[in-house]
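What follows is calculated from the coordinates using simple rules that are stated; it is not laboratory data. Everything numeric in this text was worked out from a predicted model, so none of it was measured. Here the Cβ positions follow ideal geometry from the backbone for every residue, glycine too, while neighbour counts run over all protein chains shown.
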């Protein structure tokens, strides 16, 4: 198959970005204040035993650099979502597991960072790990990148399951060799989570929660996460095994932009 020319690829991406903008619901509005509403909390204050690996504070993500708005490696959530996660954690601890979160509340400025990166077709530094089989011109059309994210509403979380006792994971160092997120677990970047069939933030249909190619222990691990969270009010995004939203959302139509920082909570935990 002939690869698209640079001009064609840029045109396709620009059109997709424009389409994404025009399809944002008319009822959506932005919360642009520097501080979070009073019912946002740190997950650590509600469920201190849940592990945290906040990837967008680090360069180990599909962009390859820390993301705008992540000033501290914290999980911020609306209180109902955090309390539901605490209940899920209690269930999993009794079975010898713990939850681990990769991302929680995500400011709009971080989403804007993703969009700028997706429009820069020449920046493919992290392709080998996070989107090895997807042409970057397809990221908007295939739904991997959008102008808005449910994470910005405060009740969505990306997470996984870790078997106890949790083993430390070696850190990522920029410039090190990358391994495809779709590769067998032994070949992917090490993560102390159970094997979910792909790495986190893997832009591939293999990440679909019910993908029929994921069987055996890997499928059981996905179902353990999904069923535990769904019992407590979370809904899974079918295209991403790690993505869950607590329902009903406290702010279903508001996309906040305060930074991920303890200061955003104005002295609260």
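Figures for the structure shown
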{"quantity": "Residues of the range 185-194 classified as crowded, with 18+ Cβ neighbours inside 10 Å and in contact with a strand residue (DSSP E or B) (Cβ under 7 Å, 6 or more places away or on another chain), total", "calculated": "2"}
{"quantity": "Single condition residue 238 does not satisfy, out of (1) within 27 Å of residue 147 (Cα to Cα); (2) in a loop (DSSP other than H, G, I, E, B); (3) in contact (Cβ under 8 Å) with a residue 40 or more places away in the chain; (4) within 18 Å of the chain's Cα centre (by Cα)", "calculated": "(3)"}
{"quantity": "Criterion (more than 25 Å from residue 141 (Cα to Cα) and in contact with a strand residue (DSSP E or B) (Cβ under 9 Å, 6 or more places away or on another chain)) met by exactly one of 216, 233", "calculated": "233"}
{"quantity": "Among residues of the range 44-66, those that are out of contact with any strand residue (DSSP E or B) (no Cβ under 6 Å at 6 or more places or on another chain) and either closer than 18 Å to residue 242 by Cβ or assigned to a loop (DSSP other than H, G, I, E, B) (or both), counted", "calculated": "13"}
{"quantity": "Of all residues making up the range 53-66, the number that are buried (at least 23 other Cβ atoms within 10 Å of the Cβ) and free of Cβ contacts under 8 Å to residues at least 24 places away in the same chain", "calculated": "0"}
{"quantity": "In the range 195-212, the residues that are surrounded by fewer than 18 Cβ atoms within 10 Å (Cβ to Cβ) and either touching a strand residue (DSSP E or B) at 6+ places or on another chain (Cβ under 6 Å) or over 30 Å from residue 59 (Cβ atoms) (or both)", "calculated": "210, 212"}
{"quantity": "Every residue from the range 213-240 that is surrounded by 15 or more Cβ atoms within 10 Å (Cβ to Cβ) and on the phi > 0 side of the Ramachandran plot", "calculated": "233"}
{"quantity": "Entirely in the range 67-167, the helices (runs of 4 or more DSSP H) that have 3 or more residues that are surrounded by fewer than 21 Cβ atoms within 10 Å (Cβ to Cβ)", "calculated": "79-93, 108-119"}
